[in-house]
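Everything on this sheet refers to the single structure shown next.
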Amino acid sequence: MTKTIENMKACFMGLGYIGLPTAIIAAMNGIDVTGVDINPAVVDKTNAGELHIIEPGLGEMLKKVIADGSLHATTTPEVSDAYFIVVPTPFKGNHEPDISFVEAATRAVVPFLKEGDLFVIESTSPVGTTEKMAELIFRLRPELAGKIYIAYCPERVLPGNVIYELVHNDRVIGGVDEASTDKAKAFYSRFVKGELHATNARTAEMCKLTENSSRDVQIAFANELSFICDHAGINVWELIRLANKHPRVNILQPGCGVGGHCIAVDPYFITSAYPAEAKLIADARRINNYKADWCAEKIINAILRFEIEHNRKPVVALMGIAFKPDIDDLRESPAKYIISKVMVGGNNSRILVVEPNVKEHQVFKLTPYEEAYREADIVAFLTAHTPFRSLEWDDSKVILDFCGIFKR
Ligand code: SAJ
């Protein structure tokens with residue numbers, strides 16, 4: 001006999017930035033949760049009630065679900081009624097998606113599957129992945145064909161606001177058949193207050209890729225405007241502010257490029273599969289990647305010009321390493337890429353690297369932001385961290401404001 005949703009046991013494969021918070025929220029809602037991660041350090045830390053990721057408010061929730069036994073972590077799956085694949089899907093050198101983690105996690109749960117179980121992929125995946133994993137499951141366990149429920153349900157949460165968004169965002173759920181969609185909807189309705197929109201697995205997979213590609217294209221438009229305005233002698237920030245006064249125009253903000261693990265990655269899952277059709281999406285990727293090189297070149301040129309004009313090397317402040325404002329996540333950051341390029345091309349100038357959201361960095365020696373701003377001849381703003389906005393414009397410095405701190 002299959003269990004009802006009320007007394008379900010769930011197994012989350014992957015305790016990262018999405019898997020861990022989802023496992024915690026499920027456990028908070030009366031589900032008996034096993035959290036699985038291949039990294040024993042993550043498992044030990046989680047069982048000790050300590051967060052290995054940074055997410056406001058989540059630490060107390062983890063302590064509670066560990067203390068009351070509704071969540072425990074392990075390195076191998078356990079018999080459950082529902083399995084969730086929440087592992088990374090990076091891309092390979094040629095921008096082809098790498099679904100090997102999804103496949104490995106699927107293979108790991110296959111021996112535990114039994115009639116009536118639910119199997120859901122949350123990892124961002126190329127179109128067709130859920131069907132592929134269904135084929136894999138039935139190849140290894142043919143007796144389960146037609147007897148388990150398989151669906152795709154992408155996450156949409158914004159790091160930093162995960163607890164709220166996991167509960168309140170609408171979600172798209174696509175099963176390999178209607179019964180699977182219904183079963184997955186019943187599970188998510190235990191803790192999601194947003195609407196649950198039913199579709200098929202391929203559409204749900206494409207929906208996730210579409211959301212992040214849409215944002216990438218919109219940011220590329222803003223970055224392209226920044227190139228045009230630089231040539232035309234127009235303040236791009238003022239331009240966008242004014243254009244956005246139109247009731248049907250909503251342009252995003254230029255920056256020093258697009259970073260993180262989602263927006264700079266997911267569009268490739270479309271362009272690699274549909275190269276003939278996905279022209280605009282591919283161009284947006286190129287524009288947003290080029291923006292970081294363009295910023296690095298601007299800084300290096302400013303350094304060389306300063307040397308010629310002042311007959312000495314400038315002090316250069318590079319403000320922000322994180323991939324977006326007010327977070328401490330430095331991975332896949334265009335700012336970090338720019339800093340590395342300037343370190344190489346900056347003609348041995350003294351370079352002060354600033355990142356107020358982290359205490360120390362393995363490679364860069366960090367300088368407090370006010371001190372760096374005071375000492376520098378050239379200041380490049382790479383990430384729009386809130387504290388930078390308290391600095392005052394200084395005419396004696398060369399200021400390269402790539403992320404709109406002063407909007408001048
Ligand atoms: N950025 C700009 N200009 C803007 C907005 C963002 O240059 O106007 C840059 C940021 O600085 C950053 C990059 O884009 O480098 C991405 O930041 P983000 O805040 O747009 O997105 P992420 O990567 O933190 O999270 C996105 C979200 N997706 C969408 O907004 C469509 C989130 O909802 C997803 O859950 C997440 O990707 C994911 O995991 O896929």
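The values are calculated or read from the model by the stated rules, or taken from the named source; none is laboratory data. Small disclaimer: the values here were computed from a predicted structure and weren't measured. Every residue, glycine as well, gets a Cβ built from its backbone with ideal geometry; the counts of neighbours run over all protein chains shown. Calculation scope for accessible area: heavy atoms of the full protein, side chains included, ligands and nucleic acids excluded. Shrake-Rupley method; radii C 1.70, N 1.55, O 1.52, S 1.80 Å.
Built from the Cα atoms of the stretch 17-72, the convex hull projects on average onto 3.2 nm², one quarter of its surface area. Using Cβ point charges alone (K and R +1, D and E -1), the dipole size of the stretch 6-202 about the Cα centre works out to roughly 80 debye. Expressed as a whole percent, the accessible surface of the chain that belongs to carbon and sulfur atoms is 54, based on a 1.4 Å probe. A 1.4 Å probe over all protein chains sorts Glu355, Glu143, Glu375 by accessible area into Glu143, Glu375, Glu355, starting with the largest. The alpha-carbon of Lys245 sits under 20 angstrom from the alpha-carbons of these lysines, leaving out residues fewer than 8 places away in its chain: Lys407. Checked against a 19 Å cut-off, the cross-linked pairs Lys291/Lys324; Lys298/Lys341; Lys147/Lys185; Lys92/Lys291 give Cα-Cα distances beyond that limit for Lys92/Lys291.
Roughly what would the spin-label model give for Val363 and Asp170, points 7 Å off Cα along C-beta, in nm? Modelled inter-label distance: 4.1 nm. Once divided by 2.2 N^0.38 Å, the Cα radius of gyration of the chain becomes 1.10. At a probe radius of 1.4 angstrom, the accessible area of the chain per residue rounds to 47 square angstrom. Karplus-derived 3J(HN,Hα) values for the stretch 371-388, using 6.51 cos²θ - 1.76 cosθ + 1.60 with θ = phi - 60°, are 5, 4, 5, 5, 7, 7, 8, 10, 10, 10, 8, 9, 10, 7, 5, 3, x, 4 Hz; glycine and proline are entered as x. Between Leu136 and Asn301, residue separation times 0.36 nm minus the direct Cα-Cα distance comes to 54.0 nm. If only the Cβ of Lys and Arg carry +1 and only the Cβ of Asp and Glu carry -1, the dipole of the chain around its Cα centre is close to 440 debye. Counting Cα-Cα pairs of the stretch 6-202 in 10 Å increments starting at 0 gives whole-percent bin shares of 9, 38, 39, 13, 1. Loop-located chymotrypsin sites (Phe, Trp or Tyr not before Pro) in the stretch 356-408 (DSSP state not H, G, I, E or B) with no more than 10 neighbouring Cβ atoms inside 10 Å: Trp393.
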